[in-house]
Amino acid sequence: MHVYKSPYPPEPLYEGSLVDLLLTSKFHKSHNSPVLTDAETGETLTIRDHFNNVRSFTATLKNHGVTRGTVVALFALNNIYLPCMHHAILAAGGVITPVNCAYTSRELGEQLEIANAKFIVAQDGHWLKTAQETVSSSESISSCKVLSFEQFVKDCLSNRDGKTALGDPLPLDKSARETLAYLCFSSGTTGKFKGVKTSHFNLANNVLQAIAADPVIFSPNAIYAGFLPQTHIYALNLHVYTSIFLGAQLIVFPAFDFERFLKAVIRYRISHAHVVPPIMVLFAKSPLVDKYPEIKYSLRILYSGAAPLSQGLADAVTERLDSKVTVCQGYGLTETSPVTHMSRAERPADKVGSIGFLVPNIEARLWDPETGQDAKLGGPGELVVRGPNIMLGYLNNPTADADTLIGDGWMRTGDIARVDEGGYWYIIDRSKEMIKSKGFQVAPAELEALLLKHPHVIDAAVIGQWSEIEATEQPRAFVVLAPNSDAAQIKEWADAQVAKHKRLSAGIVAIDQIPKSPSGKILRRFLKERNDDTVVGVKKLAAKL
């Protein structure tokens, strides 16, 4: 067995809670430093403000009945008080399950039920209404208490006693290695989405691993853009914990809008932005970049994650920005909290297509799942990883655990990788069936199950179709239809029931038969090879760029 090691020296393992990690940060030189700023209003919270709010929020949550192990769902867009809610729930002993803000009532209800959530804190408007309707219409989650996020914040701020929480210990009753902090939802290697059990130990150590890997990308002097959804593990790690641990300033956007982001880069002198490949397409092609040339005076790091970034797209962005901005990328999974690999700000130009090096305390293997043996030195093979940031497992899903956790601390990623002689890693394919749409995982099985509920759909299969324009995979459905059925209407029906990233953006195709193996498994490779189909429901997007 050949084990690949990180080129970085091992980091001491942190054994405390996530809240204590923040409270004891060596980077907090001044408690009056700004850490969270609203991109639209300019409202700013200092380190002292933030932890005073944590104290007040924690007390209020305990009064509502949040105790050790209580699962609280968060269903809200980014704002400067959302990290405080995260920290307060953990300080009260609770467990957080973040909900994608694009979820429909059906998807929300499924997550609440699987996570056994006792509370859902929802943003006013559509989200609060959806939460109330979802809980009231389902007997299995009817005991889940719905709280208005805005009203909760208002009540806490008006009752805040002004005492500082800085330095106040918020200990856990048992080991941080065993204590759940998050139940983020992921499709894992196969199947429908499932709750990933992330401990305080997992996430706290991943924060420290990433900072140790590159103090340029993670710097207390950076000004970060915070538009990635904090319901996703990518932004959850970066913007709810890492930036606050560093005492760096985070400019918070409720959601991504490219022009608003470019204006904010100039207004706040944003230096670092963590992005996904579709945003890199905008940097490469959108005329808005030429409208705001001043961004080049402050923007220094564009760090891409959540999906592969090609060398060609990275080079196009660098050329567009006159080499003023360094483009990097990394790799991780919800199951790894999430970072396992990072490229450094200082790296050869021809290595931008690489996901970089293993971060400290991570080991890797390249594995042949057919033989159960390691692949040849350098790969390719399925990437298998081990380290302190590996999840505890999936919630109440021993079958998924057995498929993913293969013993002695090793976890299968489902991704095919290779490593070159310089230690640079590359993701070259995926053995798993998951579709990576705009950085989010989409399970074909979920969409297939939904399509089969339609009375005119006899059989269905879903694959990922790569879009060069959007630089992302998009779901495409192949359906066997009853006579006189309209594929466009079925696509419209399905799209109305799922979040935007799960919609059939690559269209729908009516075929006579779904190719399957004798055992009944869908042979997706044959669907991917089809190129003469009549595809219904694909929008023409080229004119937007």
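Summary table
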quantity: Unmet criterion (only one of (1) modelled with pLDDT under 95; (2) within 13 Å of residue 8 (Cα to Cα); (3) surrounded by fewer than 24 Cβ atoms within 10 Å (Cβ to Cβ)) for residue 360; calculated: (1)
quantity: Residue 431 being of a type outside the set (A, V, I, L, M, F, W, C), at pLDDT below 90 and under 30 Å from residue 107 (Cβ atoms); calculated: yes
quantity: Number of the exception - residue 428 against (1) crowded, with 17+ Cβ neighbours inside 10 Å; (2) part of a strand (DSSP E or B); (3) of a type in the set (Val, Ile, Thr); calculated: (1)
quantity: Residues of the range 1-53 classified as crowded, with 16+ Cβ neighbours inside 10 Å, within 21 Å of residue 175 (Cβ to Cβ) and of a type in the set (A, V, I, L, M), total; calculated: 5
quantity: Strands (runs of 3 or more DSSP E) (entirely within the range 53-165) containing at least 2 residues that are of a type outside the set (A, V, I, L, M); calculated: 95-98, 145-148
quantity: Boolean, residue 442 is in contact with a Phe, Trp or Tyr (Cβ under 9 Å, 6 or more places away or on another chain) and closer than 19 Å to residue 102 by Cβ; calculated: no
quantity: Near pairs, Cβ below 8 angstrom, 6+ apart or cross-chain, from the range 488-516 (among the small types (Gly, Ala, Ser)) to any residue that is in a helix (DSSP H, G or I); calculated: 494/447; 494/450; 494/451; 499/107; 507/491; 510/487
quantity: The lone exception for residue 447 - which of (1) surrounded by fewer than 21 Cβ atoms within 10 Å (Cβ to Cβ); (2) over 28 Å from residue 375 (Cα atoms) it fails; calculated: (1)
quantity: Strands (runs of 3 or more DSSP E) enclosed by the range 334-396 - at least 3 residues per element that are aliphatic (A, V, I, L, M) and touching a residue at least 24 places away in the same chain (Cβ under 8 Å); calculated: 381-386
quantity: Search result, residues across the range 127-150 that are under 27 Å from the mean Cα position of the chain (by Cα) and either free of Cβ contacts under 8 Å to residues at least 12 places away in the same chain or over 16 Å from residue 105 (Cα atoms) (or both); calculated: 129, 147, 148, 149, 150
quantity: In the range 446-480, the residues that are more than 16 Å from residue 491 (Cα to Cα) and of a type in the set (A, V, I, L, M, F, W, C); calculated: 466, 469, 471
quantity: Test result for residue 470, closer than 26 Å to residue 235 by Cα, modelled with pLDDT under 85, under 22 Å from the mean Cα position of the chain (by Cα) and not in a strand (DSSP E or B); calculated: no
quantity: Restricting the range 184-216 to residues that are surrounded by fewer than 23 Cβ atoms within 10 Å (Cβ to Cβ) and among the β-branched types (Val, Ile, Thr), the residue that is modelled with the highest pLDDT; calculated: 211
quantity: Search result, residues across the range 265-294 that are small (Gly, Ala, Ser) and either touching a strand residue (DSSP E or B) at 6+ places or on another chain (Cβ under 6 Å) or on the phi > 0 side of the Ramachandran plot (or both); calculated: 271, 273
quantity: Tally of residues being closer than 18 Å to residue 340 by Cα, surrounded by 21 or more Cβ atoms within 10 Å (Cβ to Cβ) and not small (Gly, Ala, Ser) across the range 385-407; calculated: 6
quantity: Test: residue in the range 254-263 that is in contact (Cβ under 8 Å) with a residue 40 or more places away in the chain and either of a type in the set (Val, Ile, Thr) or over 28 Å from residue 74 (Cα atoms) (or both); calculated: no
quantity: Count - residues of the range 310-330 that are closer than 14 Å to residue 217 by Cβ and either assigned to a loop (DSSP other than H, G, I, E, B) or touching a Gly at 6+ places or on another chain (Cβ under 8 Å) (or both); calculated: 4
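Rundown of residues vs (1) modelled with pLDDT of 90 or more; (2) under 21 Å from residue 222 (Cα atoms), yes/no style:
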site: 301; (1), (2): yes, yes
site: 336; (1), (2): yes, no
site: 346; (1), (2): no, yes
site: 368; (1), (2): no, no
site: 379; (1), (2): no, no
site: 384; (1), (2): yes, no
site: 393; (1), (2): yes, no
site: 401; (1), (2): yes, no
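Every residue, every condition in (1) touching a residue at least 24 places away in the same chain (Cβ under 8 Å); (2) of a type in the set (A, V, I, L, M); (3) touching an Asp or Glu at 6+ places or on another chain (Cβ under 7 Å), yes or no:
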position: 437; (1), (2), (3): yes, no, yes
position: 467; (1), (2), (3): yes, no, no
position: 471; (1), (2), (3): yes, yes, no
position: 477; (1), (2), (3): yes, yes, no
position: 485; (1), (2), (3): yes, no, no
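Listed here are the residues, each with its yes/no results for (1) under 22 Å from residue 303 (Cα atoms); (2) not acidic (Asp, Glu).
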{"residue": "388", "(1), (2)": "no, yes"}
{"residue": "392", "(1), (2)": "no, yes"}
{"residue": "397", "(1), (2)": "no, yes"}
{"residue": "401", "(1), (2)": "no, no"}
{"residue": "404", "(1), (2)": "no, yes"}
{"residue": "420", "(1), (2)": "yes, no"}
{"residue": "425", "(1), (2)": "yes, yes"}
{"residue": "437", "(1), (2)": "yes, yes"}
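The values are calculated or read from the model by the stated rules, or taken from the named source; none is laboratory data. As the structure is a computational prediction, the values presented were derived from the model and not from experiment. Note that each Cβ is placed from the backbone with ideal geometry, even for glycine, and that neighbours are counted across all protein chains shown.
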